[in-house]
Amino acid sequence: MTDVRTHGPDAARDLLVPNLRDLFAEVYAEPPYYDGPDEVAEFVGNFGKRILRPGFRLITGHDNNQMIGFLYGHTLPADTAWWKGLLTPAPPALTAEWDNRTVVIIDFVLRAAYRRRGVGRAMHDAFLAGRSEERATLLVRPEPEAGPAQTAYTHWGYRRVGRLRPFPDSPEYDALVLDLRPPTPPHP
């Protein structure tokens, strides 16, 4: 029996080592995602910083009290550099941010045996439940590398808005956006 749990920053900090770290290492050791041995250390360092961001939320999936997956994210700040790495021209209406406009999913990790069984969707829906942002965004490897993930996100309502390289030495990703409610203009 699988269940989904929601955690704030304090509980997330307690879960990080070794639970999230080990699951991250296990799942991201699979192609096409593995980027090298330093990736787990980078995940741990970045996760500790992300916990401090406004709107942070961690969702964990469990089967008989064994963690089988997690996803986490936070609200993008108005001065975010998130869209700076876009390689595809985009209208300013897409890349403009203001407080509480966009929630970002940073990592979404699920053991292979639990994929395509509705567990990922339940975790995703729990992450978005009750959020006040008008849209969600995430990055995913392009097809065919991440074909199943791309298919799932499209089925859940995401649309591709362009190709994005978050850092100069990182691979390229497809940037996806999901509208959660009608857009509102920024507040002066």
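Rule-based calculations on the coordinates, nothing more; no lab input. Since the structure is predicted, the reported quantities are computational estimates derived from the model, not experimental observations. Cβ sites come from the backbone with ideal geometry, for glycine too, and all protein chains shown count toward neighbours.
Some notes on this structure:
- Of Leu180, His7, Tyr28, farthest towards positive along the dipole that unit charges on Lys, Arg, Asp, Glu beta carbons give the chain: Leu180
- Estimated FRET transfer efficiency (Arg159, Ala11; beta-carbon r; R0 45 Å; 0.05): 0.90
- Residue among Tyr153, Tyr72, Tyr114 with the largest mean-square fluctuation in a Gaussian network model of the chain, springs linking Cα atoms under 10 Å: Tyr114
- Dipole magnitude for the chain: about 500 debye, using +1 per Lys or Arg Cβ and -1 per Asp or Glu Cβ, origin at the Cα centre.
- Three-way shape call for region 113-184 based on the alpha-carbon gyration tensor, with the a/c threshold at 1.5: oblate
- Centroid-to-centroid separation of region 50-68 and region 140-188 [C-alpha atoms, Å]: 21
- For Ile106, the residues 5 or more places off, or on other chains, whose built amide H falls under 5 Å of its own are Tyr72, Gly73, His74.
- Among Pro91, Pro18, Pro142: highest mean-square fluctuation, GNM of the chain, C-alpha pairs under 10 Å: Pro91
- Dipole of the chain, positive direction: furthest Cα of Phe43, Ile106, Ala152, with charges on the beta-carbon: Ala152
- Over the chain, relative contact order from alpha-carbon pairs under 8 Å, at least 6 apart, %: 21
- Region 115-122 - phi-based ³J(HN,Hα) in whole Hz, Karplus 6.51/-1.76/1.60, Gly and Pro as x: 7, 6, 10, x, 5, x, 5, 5
- Start at zero, step by 10 Å, and the Cα-Cα distances of region 54-188 spread as 11, 42, 35, 10, 1 percent across the bins.
- Ellipticity estimate at 222 nm from DSSP helix runs (n ≥ 4, -39,500 (n - 2.57)) divided over the chain, nearest 500: -7000 deg cm²/dmol
- For region 47-60, Karplus couplings with θ = phi - 60° (6.51, -1.76, 1.60), whole Hz, Gly/Pro x: 4, x, 7, 5, 4, 7, 6, x, x, 4, 8, 10, 10, 10
- Residue of Ala113, Ala90, Ala81 that the Gaussian network model of the chain assigns the largest fluctuation, springs spanning Cα pairs under 10 Å: Ala113
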